[in-house]
Amino acid sequence: MKFPISFILGFLLSLFFLVITIISFFWVPYDVETLNIANRLMEPSFENLLGTDHFGRDIFSMIMIGGQTSLSVALIAVGLGLFFGVPLGLISASWRGSLLDDIIMRANDLIFAFPSLVIAILITAVFGPSAFNAILAIGIFNIPVFARVTRGAAISIWTLDFISSARIAGKGSFRISLEHILPNILNLLIVQGSIQFSLGILAEAGLSYVGLGVQPPTPSWGRMLADSQTMISFAPNLALFPGITIILAVLGLNLLGDGTRDLVDPRLKDKIK
Amino acid sequence: MSSYFFSRLKILILSLFFASLIIFFMIEIIPGDPASFMLGINAEPETVDALRKELGLDISRFERYFNWITGMLIGDFGVSYTYRVPVSELVMARIGVSIPLALYAIFLSTLIAIPIGIFSASNHGNFKDWSFMGFTQLGIAIPNFWFAMVLVLIFSIYLKWFSAGGVPGWDKGFFINLKALTLPAFALALPQASILARIMRSALIETLSQDYFRTARASGLTFFQAVKKHAFRNALIPVLTIIGLQFSFLIAGAIIIENVFFLPGIGRLIFQGIVQRDLIVVESVVMLLVFSVIIVNFLVDMAYLYVDPRLRVKK
Amino acid sequence: MSFFSIKNFNLHIREKKILNDISFDLDKGEVLGIAGESGSGKSLTALSILNLLPNFSRKTGFIYFDNKCISDFTDKDMCKIRGKDISMIFQEPMTALNPLKSINEQVAEPLLIHSNHSKKEALEIANYYLEKVELPTNLLNDNVYPHELSGGQQQRVLIAKSLVLKPRIIIADEPTTSLDVTTQKGILDLLKNLVNQDGISLLLITHDLAVLAQCAHRVAIMKSGEILEIGNLEEIFKTKKHPYTKKLLNSVNYSPPKKNTSSKNILLSVKSVSTSYYNSQSLFSTKQNKSNILNDISFEIYEGEIFGVVGESGSGKSTLVKTILGLQNLEKGEILIKNKIIKANKFDDLSIRSMMQVVFQDPYGSFNPRHRIKRLIAEPFFLLNTIQTKKEIDEKVNYALEEVGLSPNDSYKFIHEFSGGQRQRIAIARALIIKPKLLILDEAVSSLDVSIKAQILDLLVELAYRYNLTYLFVSHDLSVVQNIANRVIVMKSGEIVEQGKAKQILTKPKKDYTKSLVEAIPIISRRLLNGGQIAK
């Protein structure tokens, strides 16, 4: 099997961030909780790969630990979206045209009118900011995304004759959804999952940046950017490195999603020119 | 008017109704007593009582919701607790920044995305397409607030072409404000443009493989004539959908970007509201944001009516 | 020398050879038919002439038009020829028209591209041609869009579009394949007359030899990218020199040995069944439309017979199949199998369900692509109350595979490893594995190439004899149905127009609609096939 370049690149990038995040649970080059003012704002060097921040903390170590927050928030949010969105989409598709389908789809449209940030604002206004807040806000927004993707794909499969065969064989919609529909849309869900994962990382960074997400002292990529903003004129590294980290992680996941799509759906559309 | 219009209108009204219920529930029901919530735990009982009266909390929840909705319909958004002025005044003062910023960003992203989409689709599969799509991948991955910081670093701090934030106000002239909004609008537009360009490209590639495109080519149109006359408008349908969906991301992005550039817009207002626990401001401004998203999607639905004759029902 | 000729033309797409040494001429006013089954390269021959080939194609050889070698032309030069001197009509009228533009605008388009007419003049000429292709007058206004037209009307619009500049050659690629048989006749007659009137040469590409027999002067038979033989229609059809030509001609109107062993026991009875379609009762829809799909349908099927249902698109025959299978609610009437009522969408009484099985039209959508053949064929066992051991299932699946002409080794493969004809065999194996009383064949051979179609029909008749099976054979194609069925009903707009013995319906139809249906069937006359002996 020949893998597309985007798949290989995306896989390697995603793997890299996954690995350094997992390592950070057991070991980081420097402790990020002790301040070392003497070493503050160091340029990148062999000792401090990406330099140090205004408290003398090692930026590379902070990025490693920050990955814990960013990746877990995004991952749980995707999980939330899958857990609620996929069943809703499957139900909608198997009862297509019914009142229930209508209600589910309209409720989805309604949630679409509440961007993650607005949900986060509402939750924060009442409960105060937290990582849980970020997960909830991003996760709720993921539900209609997965519900729509699932419903659309499932409907096109419901029209196929093998579903009629299964119904004639006496199988009910629940069984058909699990046995025939779900396996055939799994590819699509994996692709969408990786895209939502990357969007989740971006959204978490945005929420933490404006202070609606993870609270100090927990490091996160978005928080590191927020802290760096006032020092950008004399310490641009503080903003550049976490930013590039986010870009590479998001890029990796998007490439992985695109590559997976090319891998499982190799229809090459030749066009007339 | 067609039944399409009325069915969309019905959806619009129902969406607004349910959205308002959700917001009301979040802000006024979940905290229990909004007045003591706003004042904090250390507040004197008398002050809480006074605020309760001021906010009209002594009536039933149903009446409160009813008053809130009917108030908003006539432009009464309540009175801000911290500013002591009507919320509508606060909004009006800031909307002059937020709306131009959003429009400017949409304009820029469309201006960048459509030509790239067409160029890439017509070079489908070759190196030019490949490199442009690489750039859009990057564009999607860049957080817009970080991009805003980088723009400030380059254009304001090093090159000193633009100021690092703030707007002079519309009474100081049009172009000076436009210039002040350029960096924020560009930061907002980049990720949007990247997504839009990709959608434009794939929608065009899809239409290029359609039979009617082949028919057009077989009747003697050159490739670009056929794209212009047949493919483009058909590809526009999915692009319109995405522009509608993007609007909600744009709103979210604008709230953050306003913070980076210290722009006195709706986004700043809402954060001040949160920090000061001014629920009146948060409630009404969130409703306003959601309203704008729903309205924009309604307008997109109406734009389909213009583009697609299949939706126009004849008598 | 002819004004148009192709010489030694070869085509590769990526590394695959598509066309091999294609050569033919075309004379003024001549109708040349190109016949071949799917994958023969006939459509790509057409696209090669206009140089509208997919990306990654490589070609060698020459195409001459008017003493110019147009195969060397740049795209810009070709644009001056396309639509003006050589125009083209495609298979799917539904998708060949731009859904967003009015039809007269689309017909006028070649005029605006190739001539100096003003927009107003161009629209006038367009309307003149739309009238000429016999489009109903109420569709001759501005602002009529493709979705308001039927398939046949859309194809007329495309014919008008191909004619507006009085081209020298028209290439028609399967112009009637997606149309009903009565519509097909109208379109072919129209095309023939218009081409005749203006002395236009027509390159008619089709899989249907009977269509060619009615229109073409000369024919070329293509297979796997090569022209096997080319010559006068009569000569080719009479001599059948090439074995493949012979095979094709024998497959047309293929008539398997008919089964004649029906009893007097009623297996299925359909009693005044009506169904209607409501557009969904949704929260937000403003209107509710009701339209009748089936209207008071009654008939009986006897045990052991082959019962045919014929109808054009929209006749309600697929809805009929769904109601019999219990997949759709009835509004009135009832359906009984062996005197037991089939309840719609109720799957509690599996003994009723297990009496019938179905084979669908589309060999590609009929199987879950993620399951192996063994699991696919074994699915109907779900209907049996008796629990089967793994070994029993394996044995039965293997036996079923052998019975339809496949090997037990195939049971571990996936469906994408099989061709269309093989897939229909697998579908038959799946349907027969629980030994149903009634097998419903819903356009089961319609999407197959003629030679494969004949093989599947043979298999079906053979199995019917062996197990004394009862078939409900549904098709749009009267010629196939009358060859296999004992009795037939003819349906139109949800009603039964006529019913009776298959032979009687075909030779002595009573109703006008059946007559028009019978007359529209393109047939290759015996005179053409038997070298002058007139016999019918």
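Since every read-out is calculated from the coordinates, none of them should be taken as a lab result. Values in this document were obtained by computation on a predicted structure and should not be read as measured data. Note that each Cβ is placed from the backbone with ideal geometry, even for glycine, and that neighbours are counted across all protein chains shown.
If eta is 0.890 mPa s and T is 25 °C, what Stokes-Einstein diffusion coefficient results for segment B:15-73, Kirkwood Rh from Cα pairs, in µm²/s?
For the chosen part, D equals 200 µm²/s.
Within a 10 angstrom radius of each residue's Cβ in B:279-289, how many Cβ atoms of other chains show up on average? Whole number is fine.
That average works out to 2.
Taking segment B:1-107, which trypsin sites (Lys or Arg not before Pro) meet the DSSP loop condition and have no more than 13 other C-beta atoms within 10 Å?
Passing sites in segment B:1-107 are B:R84.
Can you give me the C-alpha center-to-center distance between segment C:11-67 and segment C:106-168, rounded to a whole angstrom?
28
Can you give the FRET efficiency for C:D512 and C:D198, using 1/(1 + (r/R0)^6), R0 = 41 Å, r = Cβ-Cβ distance, to the nearest 0.05?
Once the sixth-power term is evaluated, E becomes 0.80.
Show that you can apply the helix-only estimate: for the protein assembly as shown, add -39,500 (n - 2.57) for every DSSP H stretch of four or more residues, divide by all residues, and state [θ] at 222 nm to the nearest 500.
Taken over the protein assembly as shown, the calculation gives -17500 deg cm²/dmol.
Treating only the Cβ of Lys, Arg, Asp and Glu as charged (+1, +1, -1, -1), what charge dipole size does chain A show about its Cα centre? Round to the nearest 20 debye.
Computed about the Cα centre, the dipole is about 1020 debye.
In whole percent, what relative contact order does chain C give with Cα contacts below 8 Å and a gap of six or more residues?
Here the relative contact order equals 15 percent.
May I ask you to sort C:K374, C:K76, C:K241, C:K453 by Cβ crowding, counting other Cβ atoms within 10 Å and putting the fewest first?
Ordered from fewest to most neighbouring Cβ atoms within 10 Å, C:K374, C:K76, C:K241, C:K453 come out as C:K76, C:K241, C:K374, C:K453.
How big is D, in µm² s⁻¹, for segment C:428-499 by Stokes-Einstein at 37 °C and 0.692 mPa s if Rh is the Kirkwood radius over C-alpha pairs?
My calculation gives 249 µm²/s for D.
Per-residue mean of other chain beta-carbon atoms within 10 angstrom of the beta-carbon, peptide C:360-370?
The shielding value for this peptide is 5.
Can you pull the one-decimal nm distance between simple spin-label points at C:D21 and C:E495, each 7 Å off the Cα toward Cβ?
About 6.0 nm, to one decimal.
Please work out the Cα center distance from segment B:12-58 to segment B:247-267, rounded to the nearest Å.
That distance is 25 Å.
With the cut-off at 26 Å, tell me which of the pairs C:K28/C:K68; C:K271/C:K511; C:K247/C:K501 have Cα atoms farther apart than that.
C:K247/C:K501
When only C-alpha pairs under 8 Å and at least 6 residues apart count, what is the relative contact order of segment C:85-154, in percent?
43
In a shell of Cβ-Cβ distance under 13 Å around B:L16, excluding B:L16 itself, what net charge do Lys and Arg (+1) and Asp and Glu (-1) give?
+2
Could the peptides A:169-182, A:108-121 be put in order, highest first, of the mean number of other beta-carbon atoms found within 10 Å of their residues?
Put in order of decreasing packing, that is A:108-121, A:169-182.
Determine, for chain B, the count of lysine pairs separated by eight or more sequence positions (or lying on different chains) whose alpha-carbon distance falls under 25 Å.
Here the count comes out as 7.
With the contact rule set at Cα under 8 Å and sequence spacing of 6 or more, what percent relative contact order holds for segment A:59-268?
Taking the mean separation of contacting Cα pairs over the length of segment A:59-268, I get 29 percent.
Take each of the peptides B:130-137, C:314-321, average the number of other beta-carbon atoms within 10 Å over its residues, and list them starting from the highest.
C:314-321, B:130-137
Suppose the Debye formula is applied to equal point scatterers at every Cα of chain C; what is log10 I(q)/I(0) at q = 0.06, 0.08, 0.10 Å⁻¹?
-0.35, -0.62, -0.95
For an R0 of 25 angstrom, estimate the FRET efficiency from the Cβ-Cβ distance between B:N67 and B:E46 and round to the nearest 0.05.
0.55
For C:N339 paired with C:F73, estimate the spin-label separation in nm (one decimal), with each label point 7 Å from Cα along the Cα-to-Cβ line.
Label-label distance for C:N339 and C:F73, simple model: 7.4 nm.
Note down the magnitude of the dipole of the protein assembly as shown about its Cα centre, charges +1 on Lys and Arg C-beta and -1 on Asp and Glu C-beta and zero elsewhere, to the nearest 20 debye.
Taking the Cα centre of the protein assembly as shown as origin, the dipole is about 3480 debye.
Local charge sum around C:S150 (other residues, Cβ-Cβ under 10 Å, Lys/Arg +1, Asp/Glu -1)?
Once positives and negatives cancel, what remains is -1.
What does the net charge come to around C:L140 if you take all other residues with beta carbon closer than 14 Å to its beta carbon, with K and R at +1 and D and E at -1?
Residues close to C:L140 contribute a combined charge of -4.
Placing unit charges on C-beta atoms (Lys and Arg positive, Asp and Glu negative, everything else neutral), compute the dipole magnitude of chain B about its Cα centre in debye, rounded to 20.
1740
Identify all lysines with a Cα-Cα distance to C:K390 below 26 Å; exclude those on the same chain that are fewer than 8 residues away in sequence.
A:K171, C:K374, C:K413, C:K435, C:K437
If I model a spin label as a point 7 Å beyond the Cα along the Cα-Cβ vector, how far apart are those points for B:F174 and C:K7 in nm?
Once both label points are built, they end up 6.7 nm from each other.
Enter the mean number of other protein chain beta carbons within 10 Å of the beta carbon of each residue in C:94-106, as an integer.
5
Return the FRET efficiency for the residue pair C:S272, C:Y412: r is the Cβ-Cβ distance, R0 is 41 Å, and the value is rounded to the nearest 0.05.
Efficiency, from the Cβ-Cβ distance: 0.30.
Working out 0.36 nm times the residue gap between A:A107 and A:S233, then minus their Cα-Cα distance, what length gain in nm do you get to one decimal?
40.8 nm
Take peptides A:6-16, A:232-242 and line them up by average Cβ neighbours within 10 Å, highest first, as a rough protection proxy.
Top of the packing list down: A:232-242, A:6-16.
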